[in-house]
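The values are calculated or read from the model by the stated rules, or taken from the named source; none is laboratory data. What you see is a predicted model; the values in this text were computed from it and never measured. FYI the Cβ positions are ideal-geometry reconstructions off the backbone, even for glycines, and counts take in every protein chain you see.
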């Protein structure tokens, strides 16, 4: 025996209102989830104020020219161990090849894709013109090694190099 065909339920105002509210609730919910995920994964800005950074640019150009006139040779070697620690070794020499001693060098391993996992490296002079330091929890991959050298509170050397650590 066959069942008689059922008649469709009529489309009422209450039903249309329910579909409309459900549709917009779904769209707004998805937008909120996507916004939350985007904000949580944002690593931040490079500089807080582009205006202040542009004002300091002339000073950076002058410092770079001074650094080029000094003609220092600073060779850096970075090695990552299996436990995730990295060792940084600098060999600093002046224009005549004499070791540079008595300077304060500092370094940073900066992740190009995520500034939140940057690692500071405090470098101490371990010999005449040789500086060493360590960083922990360094992931394998590409990093920027930023080296700054100063004496008497003035920055005399700045270098930024891309390194690949395994």
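One table, with the values for the structure above:
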{"quantity": "Strands (runs of 3 or more DSSP E) wholly inside segment 57-166 containing at least 1 residues that are surrounded by 11 or more Cβ atoms within 10 Å (Cβ to Cβ) and without any contact (Cβ under 8 Å) to a residue 24 or more places away in the chain", "calculated": "73-80, 119-122, 124-127, 154-165"}
{"quantity": "Within segment 10-56, tally of residues that are in a helix (DSSP H, G or I) and in contact (Cβ under 8 Å) with a residue 12 or more places away in the chain", "calculated": "0"}
{"quantity": "Test: residue 55 is in the same structural domain as residue 137 (by TED's automatic domain parsing) and under 27 Å from the mean Cα position of the chain (by Cα)", "calculated": "no"}
{"quantity": "Residue in segment 40-51 that is more than 26 Å from the chain's Cα centre (by Cα) and surrounded by 10 or more Cβ atoms within 10 Å (Cβ to Cβ) present", "calculated": "no"}
